[in-house]
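Trainee: Let me begin by handing over the structure; questions about it come next.
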Amino acid sequence: MRLAPVPSLPDIRLYLAHPGSGLQRLLEPDDESAAGPQPPYWAYAWAGGAVLARYVLDRPSIVAGKRVLDLGAGSGLVGIAAAKAGAREVIAAEIDRNGVVALRLNAEANDVAIHICDEGVTAGPPPAVDLVLAGDVFYAQDVGQRMIPFLDRCLSDGIEVLVGDPGRAWLPRSRLRLLGEYQVPDVGGNGGAEPKPSGVFAFVAEG
Ligand SMILES: C[S@@+](CC[C@H](N)C(=O)[O-])C[C@H]1O[C@@H](n2cnc3c(N)ncnc32)[C@H](O)[C@@H]1O
């Protein structure tokens with residue numbers, strides 16, 4: 001991994017994958033994980049996270065003084081942006097054990113404090129936060145299906161929810177109100193590193 005500025009977010013540096021990283025070996029079967037190995041999502045800045053991070057850095061009042069949950073944090077890009085923009089507290093929820101290590105290293109590299117929650121936060125009640133930032137969490141049907149009831153519980157508890165996404169297949173479009181759009185590279189997705197339009201949305205109640 002190489003510590004490098006994130007394309008489109010030069011103020012944030014992350015340990016990012018490159019051709020010599022050898023991350024392929026993480027996809028080999030792992031007896032400890034019943035669900036099988038997870039792709040190293042944490043080794044890339046995904047378009048949904050990049051657009052959300054850009055939005056928060058451009059509008060620090062959205063997070064300033066607030067307790068923020070970075071849901072599906074991966075590298076921690078969104079939480080790091082929130083901390084840099086003045087969030088009072090940032091919790092990063094990530095279920096991948098390698099992702100948790102990457103998160104810790106990336107927070108240190110950016111000199112921000114982030115609390116890491118690795119316990120599958122979506123199954124329970126929302127933590128004590130004011131705002132949830134969900135960057136690129138609708139990339140798979142089963143993941144999206146776990147996210148939506150959790151995000152609904154957040155809304156019921158009066159927690160604001162913002163989603164960043166480049167338009168993935170499982171995006172719940174009927175539940176989203178577009179707030180802004182940026183061109184960002186989708187390094188982790190199937191669009192290569194080419195910038196493409198990605199949106200920041202408010203997640204809204206059904207009906
Ligand atoms: C596509 S990546 C996006 C990472 C980061 N937000 C970004 O935009 O660069 C989605 C991440 O969500 C994590 N994830 C999936 N289900 C989760 C859950 N129930 N709780 C916490 N994290 C989860 C995955 O492990 C993965 O790292």
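The values are calculated or read from the model by the stated rules, or taken from the named source; none is laboratory data. Please read all numbers here as calculations on a predicted model, not as lab measurements. As a convention, Cβ positions derive from the backbone with ideal geometry for all residues, glycine included, and neighbour counts pool all protein chains shown. Areas reflect the complete protein model, heavy atoms only, side chains present, ligands, DNA and RNA absent. Shrake-Rupley method; radii C 1.70, N 1.55, O 1.52, S 1.80 Å.
Trainee: In segment 119-163, which residues are farther than 22 Å from V100 by Cβ, among the acidic types (D, E) and in a helix (DSSP H, G or I)?
Mentor: Across segment 119-163, the qualifying residue is only D152.
Trainee: Any residue at all in segment 94-109 that's farther than 18 Å from P40 by Cα and part of a loop (DSSP other than H, G, I, E, B)? It would help to see each step written out before you state the result.
Mentor: Narrowing segment 94-109 to residues farther than 18 Å from P40 by Cα: 108-109.
Narrowing the set further to residues that are part of a loop (DSSP other than H, G, I, E, B) leaves none.
No, segment 94-109 has no match at all.
Trainee: Still on this structure: When you scan segment 21-35, do you find a residue that is modelled with pLDDT of 95 or more, open to solvent by 50 Å² or more (accessible area, probe 1.4 Å), away from the ligand (no atom under 14 Å from the Cβ) and of a type outside the set (A, V, I, L, M, F, W, C), even just one?
Mentor: To start, the set of residues in segment 21-35 that are modelled with pLDDT of 95 or more comprises none.
No: segment 21-35 contains no residue that is modelled with pLDDT of 95 or more, open to solvent by 50 Å² or more (accessible area, probe 1.4 Å), away from the ligand (no atom under 14 Å from the Cβ) and of a type outside the set (A, V, I, L, M, F, W, C).
So that you can scan it fast, the table gives a plain yes or no per residue for (1) assigned to a helix (DSSP H, G or I); (2) more than 8 Å from the ligand (Cβ to nearest atom); (3) open to solvent by 10 Å² or more (accessible area, probe 1.4 Å):
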| position | (1), (2), (3) |
| --- | --- |
| P39 | no, yes, yes |
| W42 | yes, no, yes |
| G48 | yes, no, no |
| L52 | yes, no, no |
| V56 | yes, yes, no |
| A64 | no, yes, yes |
| D70 | no, no, no |
| S75 | no, no, no |
| G79 | yes, yes, no |
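Trainee: What are the pairs, 6+ residues apart or on separate chains, where a residue within segment 172-194 that is surrounded by fewer than 17 Cβ atoms within 10 Å (Cβ to Cβ) and in a loop (DSSP other than H, G, I, E, B) has its Cβ under 6 Å from a residue that is modelled with pLDDT under 95 and of a type outside the set (V, I, T)?
Mentor: A193/P185
Trainee: For residues in segment 104-163 being among the charged types (D, E, K, R) and within 12 Å of the ligand (Cβ to nearest atom), which is least open to solvent (accessible area, probe 1.4 Å)? First the steps, then the outcome.
Mentor: Of segment 104-163, the ones among the charged types (D, E, K, R) are 104, 108, 111, 118-119, 130, 136, 142, 146, 152-153, 157, 160.
Adding the requirement that they be within 12 Å of the ligand (Cβ to nearest atom) leaves 118-119, 136, 142, 146.
Details: D118: 86, E119: 153, D136: 9, D142: 81, R146: 118 Å².
The qualifying residue least open to solvent (accessible area, probe 1.4 Å) is D136.
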